[in-house]
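The block underneath contains the structure these notes are about, expressed in structure tokens.
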Amino acid sequence: MRSMTGFGRAQINRDKIELEIEIKSVNSRYYEVKMNLPRELNFFEEKIRKTLGSHLNRGMIEIKVNFIDRRETIISINESKLKAYHDLFRKAAALLEIKDEVKLEVLINEPGVVQSQNSYQDDKQLDRVFIDALENAIAHLIKAQTHEGKQIMKTLTDAVKLLMRELNLIKHSVKSYKTKLYKDMKQRTTELLADNLNDSMEQRLLQELALFIDKYDIQEEITRLENHLSVFKAKLNQKTDIGKGLNFVLQEMQREANTLGSKYSTVESFSSILIIKEEIEKCREIVQNVT
């Protein structure tokens, strides 16, 4: 089990290439990747998405890359572009009747004027360093997610034990309550029948008694809750897509707990039902952060 929350960082200084990659993941209903890359490394975006996608499938992923290239680089001027920008600026100045001269620092900052003979997109040395740094950062992220996932697993396992304990208390209270209810109703029915009720009234009384006792028959809800808990425990040990599966089971458990509370709200059971509802709600909040 892994949490959606985590942080991973990797820094590599190799062959005069300095690369730092930070990856942060936070809870999110969907899988989304946001990147903050140096402009000259934007071509790595597709490779980043593919690599991340092979390891992660849920959460908001933010990746930041810092890059310094200390290798010797040969710089040249693209003369045709330099002249083209110069002519363009002069024409614009003449059109607007501006007498200022075109400054060199403005021209050389235009796209494509200053060129490097190194093409990062075809730089195999950089590619190897980048992939190594990315994989290392992802490994640290997964390690952090796994560590928090173990804590979540313990919390959810303890919650299952608590839910089973409270459910058993309710089962025992139902048995004793229905026994007491039966005795009381039998005595009251005997008293009423002694008043010479006519057939219609007697039939109505028996129907009301049946409905009243049925109201406290919560065996189906208890059985379904027990089954849901068994499924929940099994899903805790799944390898992938755990969070969505757990959330679905908890929704079903919440529905049964609400029905349980509406059908059987006695003094003896009130505390247990309240604990069950609260614990299910806590678990639902927790599993939102599970991958």
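FRET efficiency for the K64 to D122 pair, using the beta carbon distance and R₀ = 22 Å, is estimated at 0.35. Where in the range 9-79 are there chymotrypsin sites (Phe, Trp or Tyr not before Pro) that are in a DSSP coil and have at most 10 other Cβ atoms within 10 angstrom of their Cβ? Of the chymotrypsin sites (Phe, Trp or Tyr not before Pro), the ones in loops of the range 9-79 whose Cβ has at most 10 other Cβ atoms within 10 Å are Y30. Within the same chain, aspartates and glutamates fewer than 8 places from K175 are excluded, and of the rest, those with a Cα less than 15 Å from its Cα are E166, D184, D214, D217, E220, E221, E268. Exposed loop trypsin sites (Lys or Arg not before Pro) only (DSSP loop, at most 16 other Cβ atoms within 10 Å): please give the longest stretch of the chain free of them, not including the sites. In the chain, the maximal stretch lacking such sites is 104-238. Stretching K282 away from E105 to a fully extended chain increases their span by 57.6 nm, per 0.36 nm per residue minus the current alpha-carbon distance. Cross-link partners for K244 among the lysines, with Cα-Cα distance under 27 Å and sequence neighbours closer than 8 places in the same chain left out: K24, K34, K50, K143, K150, K154, K161, K233, K235, K277, K282.
Each of T223 and T155 was given a label point 7 Å from its Cα along the Cα-to-Cβ line. The distance between the two points is 3.4 nm. With each label modelled as a point 7 angstrom along the Cα→C-beta vector, the Y31-N13 pair spans 3.6 nm. Between the listed residues A94, S262, G112, the Cα displaced farthest toward the positive end of the dipole of the chain, a dipole computed from Cβ unit charges relative to the Cα centre, is found at S262. Here the extension length gained between L211 and T259 equals 15.7 nm, from 0.36 nm per residue of separation less the Cα-Cα distance. The loop-placed GluC sites (Glu not before Pro) in the range 43-87, going by DSSP, that have at most 11 neighbouring Cβ atoms within 10 Å of their Cβ come out as E72. Taking label positions 7 Å along the Cα-Cβ direction at both K186 and K83, the computed distance is 11.3 nm, reported to one decimal. Per-residue extension of 0.36 nm, minus the Cα-Cα distance of A94 and S76, leaves a gain of 3.5 nm for this segment. Between K50 and N168, the C-beta separation translates, for a Förster distance of 35 Å, into a calculated FRET efficiency of about 0.10. Here the dipole of the chain is about 660 debye; that uses its Cα centre as origin and unit charges on the Cβ of Lys and Arg (positive) and Asp and Glu (negative). Kirkwood hydrodynamic radius of the chain, from the reciprocal of the average inverse Cα-Cα distance over all distinct pairs: 25.6 Å. Averaging over all projection directions, the Cα-based convex hull of the range 148-287 occupies 9.3 nm² in the image plane. Placing unit charges on the Cβ atoms of the charged side chains and taking the dipole of the range 92-201 about its Cα centre, the candidate lying farthest along the positive direction among L141, S200, Q187 is Q187. Straight-line reach from K83: which lysines fall under 18 Å, measuring Cα to Cα and dropping same-chain residues less than 8 apart? Candidates past the 8-residue exclusion: K91, K103.
Can you pull the percent of Cα pairs in the range 1-67 with separation above 14 Å?
Details: 1340 of 2211 pairs.
Here the tail beyond 14 Å accounts for 61 percent of pairs.
For the chain, what does the relative contact order come out to in percent, with C-alpha contacts under 8 Å and a separation of six or more? Before the final figure, lay out the partial values.
Details: 349 pairs, mean separation 72.0, N = 291.
About 25 percent, as a whole number.
Couplings 3J(HN,Hα) for the range 272-281, derived from phi with the Karplus relation 6.51 cos²θ - 1.76 cosθ + 1.60 (θ = phi - 60°), are 5, 5, 5, 4, 4, 4, 5, 5, 5, 5 Hz, where x marks Gly and Pro.
Think of the range 214-291 as having a plus end and a minus end, set by charges on the Cβ of Lys, Arg, Asp and Glu; of H228, V290, S271, V290 sits farthest toward the positive end of this dipole.
Quick note: the coordinates plus some simple rules give every number you see, no bench work behind them. Because the structure is a prediction, the values reported are computed rather than measured. Using ideal geometry, Cβ is built from the backbone for each residue, glycine included, and neighbour counts are taken over all protein chains shown.
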